[in-house]
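Q: What follows is a structure written as structure tokens; I'll ask about it next.
The values are calculated or read from the model by the stated rules, or taken from the named source; none is laboratory data. All values derive from a computational prediction rather than experimental measurement. Don't worry about glycine lacking a Cβ; one is built from the backbone with ideal geometry, like all the others, and counts go over all protein chains shown.
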Amino acid sequence: MRTLNYLLLAVANPAKSAELYTKLLGVEPVANSPTFVLYVLPNGVKIGLWIKDEIEPKAKPAGGVEISFTEDSKEAVLATYDAWKTLAKVVQEPTQMDFGFTFVVEDLDGHRLRPFVLGEQPR
């Protein structure tokens, strides 16, 4: 079985994006060059920020990917919101949805980051 453990985001400026992602993820990149930045999260998932102009075959369009993060509680989602709301563009305020409690921010390239905690699922 294949393992999904690596996300690659096309970005206009990896260095500028890395300034944001270092704060959002709370970890330093393990690789950092003008065209590529790589993070390895504590759970082993890797997030790469690759300059969109050098990806082959060309990525189209840059932006638009959503990365979701599970939290342990509604309070944890709200604490993450408080930490992130001044770092990235808020596109959805904290809200209760069918699947749970969540909010969404957007990075410089339009990629969305969604922390959430699962709620009780309807039967």
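Q: Quick check on Ile51: is it touching a helix residue (DSSP H, G or I) at 6+ places or on another chain (Cβ under 6 Å), of a type outside the set (D, E, K, R) and touching a residue at least 24 places away in the same chain (Cβ under 8 Å)?
A: It is true that Ile51 is touching a helix residue (DSSP H, G or I) at 6+ places or on another chain (Cβ under 6 Å), of a type outside the set (D, E, K, R) and touching a residue at least 24 places away in the same chain (Cβ under 8 Å).
Q: If I ask for residues that are of a type in the set (Asp, Glu), touching a residue at least 40 places away in the same chain (Cβ under 8 Å) and under 21 Å from Glu28 (Cα atoms), which ones from segment 67-91 would you list?
A: Glu71
Q: Here's something else I'd like to know. Against the condition out of contact with any helix residue (DSSP H, G or I) (no Cβ under 7 Å at 6 or more places or on another chain), at pLDDT 95 or above and within 24 Å of Trp50 (Cβ to Cβ), how does Val77 come out, does it pass?
A: no
Q: Checking Leu41 against (1) among the hydrophobic types (A, V, I, L, M, F, W, C); (2) more than 12 Å from the chain's Cα centre (by Cα); (3) not assigned by TED's automatic domain parsing to the domain that holds Leu118, only one condition comes out false. Which one?
A: (2)
Residue by residue, here is whether (1) charged (D, E, K, R); (2) exposed (fewer than 14 other Cβ atoms within 10 Å of the Cβ); (3) more than 21 Å from Tyr81 (Cβ to Cβ) holds:
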| site | (1), (2), (3) |
| --- | --- |
| Leu8 | no, no, yes |
| Ser17 | no, no, no |
| Leu20 | no, no, no |
| Ala31 | no, yes, yes |
| Phe36 | no, no, yes |
| Pro42 | no, yes, no |
| Ala59 | no, no, yes |
| Val65 | no, no, no |
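Q: Follow-up. Return the residue satisfying two criteria in turn: it lies in segment 72-123 and is in a loop (DSSP other than H, G, I, E, B), within 13 Å of the chain's Cα centre (by Cα) and of a type in the set (Asp, Glu), and of such residues it is farthest from Ala12 (Cα to Cα).
A: The selected residue is Asp107.
Q: Evaluate the following for Ala31: is it at pLDDT below 95 and either in contact with an Asp or Glu (Cβ under 9 Å, 6 or more places away or on another chain) or within 16 Å of Leu7 (Cα to Cα) (or both)?
A: no
Q: Something else: Please go through (1) surrounded by 18 or more Cβ atoms within 10 Å (Cβ to Cβ); (2) out of contact with any Gly (no Cβ under 8 Å at 6 or more places or on another chain); (3) within 23 Å of Asn5 (Cα to Cα) for Ala88 and return the number of the only condition it doesn't satisfy.
A: In the conditions (1) surrounded by 18 or more Cβ atoms within 10 Å (Cβ to Cβ); (2) out of contact with any Gly (no Cβ under 8 Å at 6 or more places or on another chain); (3) within 23 Å of Asn5 (Cα to Cα), Ala88 misses (3) alone.
Q: Now, a different point. Looking only at segment 91-123, how many residues end up being loosely packed, with under 14 Cβ neighbours inside 10 Å and either in the same structural domain as Trp50 (by TED's automatic domain parsing) or closer than 19 Å to Asn43 by Cβ (or both)?
A: 1
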